[in-house]
């Protein structure tokens, strides 16, 4: 849990400590989970006690192709959801996009591997788009920069920190 100085982040990606510091500085409630590396949202939902698959968030980095210049963006959906490609294209006002390659993810996030990317695109200077279904949950949980470390927090607090654009782009 988040008693000051009680969370050991030794051996984890430095982004874990950065996110915890931000949450503590803002006085937000959160809880932490150390666990074996998880590859999928489903795997993660099995080890994050007190949370279900729908409360898990997936932070996906995509490369958007636009005439005025290509750019990367972060899309956030529930762990149980996938996104609708047409809705994403409309949302980003583009004709094409693709998932960022592992090398690009690592470069954009300061060494975070795909699957460990937290839903804090603002920390990487990425525009952030969240599907509205994510915010229907009182609490969310996510990998915090490392596939072995998760943080659960109130979705309303996350919204205050990240200030994403909220839209409907998950598959129904």
Ranked on Cβ counts within 10 Å of their own Cβ, fewest leading, 74, 153 go 153, 74
Most fluctuating residue of 143, 67, 93 in a GNM of the chain with Cα springs under 10 Å: which is it?
67
Extended-chain gain in nm, criterion 0.36 nm per residue less alpha-carbon gap, residue 66 and residue 166
33.9 nm
Degrees between helix 14-25 axis and first principal axis of the chain (Cα, 0 to 90, nearest 10)
70 degrees
Quick one: if you stick a label point 7 Å off each Cα along the C-beta vector at residue 29 and residue 133, how many nm between them?
2.6 nm
Using Cβ counts within 10 Å as a stand-in for footprinting exposure, how do 29, 158 rank, fewest first?
29, 158
Exposure proxy ranking, count of Cβ atoms within 10 Å, fewest first, for 41, 155:
155, 41
At 222 nm, what value in deg cm²/dmol follows for the chain if DSSP H runs of at least 4 each add -39500 (n - 2.57) and the sum is divided by all its residues, to the nearest 500?
-7000 deg cm²/dmol
Stretchable slack from residue 53 to residue 39, in nm (0.36 nm times residue separation minus alpha-carbon distance):
3.7 nm
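Computed from the coordinates by the stated procedures, all read-outs in this text should not be read as laboratory data. Only a predicted model underlies this, so the values are computations on that prediction, with no experimental measurement involved. Note that each Cβ is placed from the backbone with ideal geometry, even for glycine, and that neighbours are counted across all protein chains shown.
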